[in-house]
Structures are given as structure tokens and as C-alpha cells.
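One structure below.
The values are calculated or read from the model by the stated rules, or taken from the named source; none is laboratory data. What you see is a predicted model, and the numbers here were worked out from it, not measured in a lab. Here the Cβ positions follow ideal geometry from the backbone for every residue, glycine too, while neighbour counts run over all protein chains shown. What goes into the accessible areas is simple: the full protein's heavy atoms, side chains included, and nothing from ligands, DNA or RNA. Shrake-Rupley method; radii C 1.70, N 1.55, O 1.52, S 1.80 Å.
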Amino acid sequence: MQLYLPIADIPVNVFLILAMGAAVGFVSGMFGIGGGFLMTPLLIFIGIAPSVAVASVASHIAASSFSGAITYWRRRAIDPALALVLLSGGTIGTALGVWTFTLLRSLGQLDLMIALSYVVLLTTVGGLMFWEGLRSMLRVRRGMAVSLRRSGSHGWVHGLPFKMRFKRSKIYLSVIPVVGVGLIIGFIGAIMGIGGGFILVPIMIYFLRVPTSTVIGTSMVLTLVTMVFATLLHAATNHLVDAVLALVLMTGGVTGAQFGARAGQKIRGEHLRLLLGLLILAVGIRFAYELVIRPDDLFTIREAGGAA
């Protein structure tokens, strides 16, 4: 059954898009991440323009984060003050990301930039996560205790000025690195179409020393607001958000996430990290392969100018 996507300007198999949404939703539910790092490449691999994929997936990530943020809010597992400081940098980073996105599109370099960003980010993060998960598994098999940095302990970042007390997380921390982290995540998310949770959560735990009890919920708030902001900016400035595509993806994603959450509860933590690292690394390698192989069509007709 073919479905025409008005913004992407191509027909697609609706069952394929639903299956992709369900598969990414399953992965998101299993690993507790947004899934944008996987959904955007999959859309690009089936022929959807990278610019449309990035802009449309942002709305899908926002919808997925909404239900999770509500759940964590009810559990009082969100630090409102920390979320606000992160958002002060996140909204600026998102605006800068969309501006850079528009500039690269006008120069005709957007597709290359998106591909290179995915290659660098995913191979690096995936490799590190795979190595860390493998080391944890080896420690467990040898009967060694897995050493983790205790959240709440102090490092050099805690010596920076302009400190603020975050009562829900029970930490006393400078707002400088918090704003900086939000800015980076917002910028990356706007350009690459990812929520950034798989980057943000480790940074908050190991760099900012935020307790794990408030990390995931607070990161979901940042993802929700920045992705809504990115969607609005992409729709207003670039006119690239395909509502039909986003709706079909959300339908499949909500279904798959329910099964993924159940499956994730049955797998050990180190195994989850190893599997997630392999998945991220595989997507990064596939992007690198796409950059170096000879394309079937050496020429293509595509609008190189800015937004209409």
C-alpha cells in the first residue's frame, strides 16, 4: 500500500514506515532513549531527503518524549530548576542549529554535513558504549565489582563560579556547564534530528554528577521542549516538516515502545549497553559506507537553494 508524502515528495510503503516506527519504538522502549539517532538514518536509507528526515523526526521525538516526561513528573523524578537551566541553553542551541541547518541547505552542503555528523558521532559514541559494556561483562564473569562513579561526588566542574542549588537533585553546581550542555544538545538535535538522550544522560551522570533518580526525567523535559522548538522553527523557516510521515511514525513508535519496555526489563544492564553500542556503531558504519561507495545514479536533480 503506497502513501504519498507531500513534503518529501515521494511515495512510500505505509507498512514499511509503520514497521520502522515500531522497530525504533521497540529499541527506544528497551534502552530508554529517544530513537532519533536510528529513525533519521533509516528514513535517509529508504530515499527520503536528509533535510526532510531531520525536520520530520524532530516532531516524532517530541511526541515520544511527552508521555515519558509526564510519567516522570508524576513520580517527582524531574528537577524543575535543573531543567530550566538546561533549557536556557537548549533553546539557544536549537535556534543556532536551525540557523546553521538553513545556511548549509542554501549552500548545498546540508546532506554531506548530516552524513558526516552521523559518522563521527555514532561511531565514537557507539564504540565507547560497546567497549564499556564489554568491559562490564568481563568484570562480572571474573567476579569483579563494577566500579561506577558515585553521583553527587565533586570534580573540577564543581569549582566553577555562578553556583546554584538544585534541591530536587540535591546538588550545588555552577550554571555554566549546565547551560553549555543544554546548548550543545539543542544544537546537535536541530541539525541531526536526534533528541540526544543517549549523549545527555551519561554527561549528566558522569560529568555533572546528577543523581540517577532525576537524570532521565530531566533529560526528557529538555528533549521535549527543544524538539518542539526545532519542529516549529523547521516548519516556519524551511517548510520541511512532513506531518503525514511524522504521524505514521508516531503510530508505529507508540506500539513498539510498549513491547520494548517489557523486553528491556529482562536483560542485564551491561548487556543492554553492549547491544546499544553495537547498534549505534552499526548505523555509523553504514553511513560511512554510503559516503564512499559509488552511487547507482551519478547525477541527481535536487533544489539547492534556500527555503521557498
By the scheme Lys and Arg +1, Asp and Glu -1, what is the net charge of all other residues having a beta-carbon under 11 Å from that of residue 81?
+2
Quick check on packing: order 126-139, 2-15 by the mean number of other C-beta atoms within 10 Å, highest mean leading.
126-139, 2-15
Taking a crude spin-label model, label points 7 Å out from Cα along the C-beta direction, the residue 278 to residue 66 distance in nm is 3.5 nm
Counting Lys +1, Arg +1, Asp -1, Glu -1, what net charge surrounds residue 119 among other residues with beta carbon under 15 Å of its beta carbon?
-1
So, in nm, how far is label residue 141 from label residue 112 when the simple model puts each one 7 Å beyond its Cα toward the Cβ?
4.4 nm
With every protein chain left in place and a probe of 1.4 Å, what is the accessible surface of residue 209, to the nearest 10 Å²?
30 Å²
Residue 239 accessible area, nearest 10 Å², 1.4 Å probe?
100 Å²
Does region 218-258 come out rounded, prolate or oblate by the C-alpha gyration tensor, with a ≥ b ≥ c the root eigenvalues, rounded set by a/c under 1.5 and, if not, prolate when a/b is larger than b/c and oblate if not?
oblate
Prolate/oblate/rounded call for region 1-99, Cα gyration tensor, a/c under 1.5 rounded:
oblate
In this structure, the FRET efficiency calculated for residue 81 and residue 255 from their beta-carbon separation, with R0 = 51 Å, to the nearest 0.05, is 0.90
Given a Förster radius of 22 Å and the C-beta distance between residue 4 and residue 45 as r, what FRET efficiency does 1/(1 + (r/R0)^6) yield to the nearest 0.05?
0.65
